[in-house]
Amino acid sequence: MTLTLVNELSHGSLTGHHVIAVTGTIDAQGNVGPVGGVEEKTVAVHRAGAKYFFVPDGGGDVAAARDAHQPDLKIIPVTTLQQVLRDLQALGGTKPQALTKPS
């Protein structure tokens, strides 16, 4: 949800038009936290055509995603929203830019 909102309120494409999937909790400081069901989510996002899966780095989620190995799906461990945004830029996504200037 967070990335969708940032993308909708920004110019360009955060994902560089790649099919990505993201899981995890997020707090008010932008820290990404662990979730459950990552093995099942890994299979589901692969079946949905995702090429990249951003997974919380902690709480065993990365290990669970790798245990559910899916060919052609890159597991990317993350700890913060800022890291996700940097990683997306490295994949060809655009840096978030507000649609309007703050007043």
Subject >> Residues that are β-branched (Val, Ile, Thr) and crowded, with 20+ Cβ neighbours inside 10 Å, drawn from the stretch 27-55 >> reply: VAL32, VAL38, THR42, VAL45, VAL55
Original post:
Here are some residues: VAL84, VAL45. Which one is closer than 25 Å to GLN29 by Cβ, in a helix (DSSP H, G or I) and either hydroxyl-bearing (Ser, Thr, Tyr) or under 12 Å from the mean Cα position of the chain (by Cα) (or both)?
Top reply: VAL84
Original post:
If you scan the stretch 14-42, which residues turn out to be in a strand (DSSP E or B), touching a Pro at 6+ places or on another chain (Cβ under 9 Å) and under 23 Å from GLY92 (Cβ atoms)?
Top reply: VAL32
Subject >> Among the residues listed as GLY58, GLY24, the single one being closer than 16 Å to MET1 by Cα and surrounded by 13 or more Cβ atoms within 10 Å (Cβ to Cβ) >> reply: GLY24
Subject >> Of all residues in the stretch 69-81 being over 18 Å from ILE26 (Cα atoms) and surrounded by fewer than 17 Cβ atoms within 10 Å (Cβ to Cβ), the one that is modelled with the lowest pLDDT >> reply: HIS69
Original post:
Assuming ASP87 fulfils every condition listed in (1) modelled with pLDDT of 95 or more; (2) surrounded by fewer than 17 Cβ atoms within 10 Å (Cβ to Cβ); (3) more than 18 Å from HIS17 (Cα to Cα) apart from one, which condition is it?
Top reply: (3)
Subject >> Answer from ALA28, ALA64, ALA90, ALA44 - the residue that is aliphatic (A, V, I, L, M) and within 24 Å of GLY12 (Cα to Cα) >> reply: ALA90
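The values are calculated or read from the model by the stated rules, or taken from the named source; none is laboratory data. Here the structure is a predicted model, which means the values were calculated and not measured. In this analysis, Cβ positions are derived from the backbone assuming ideal geometry, glycine residues included, and neighbour counts consider all displayed protein chains.
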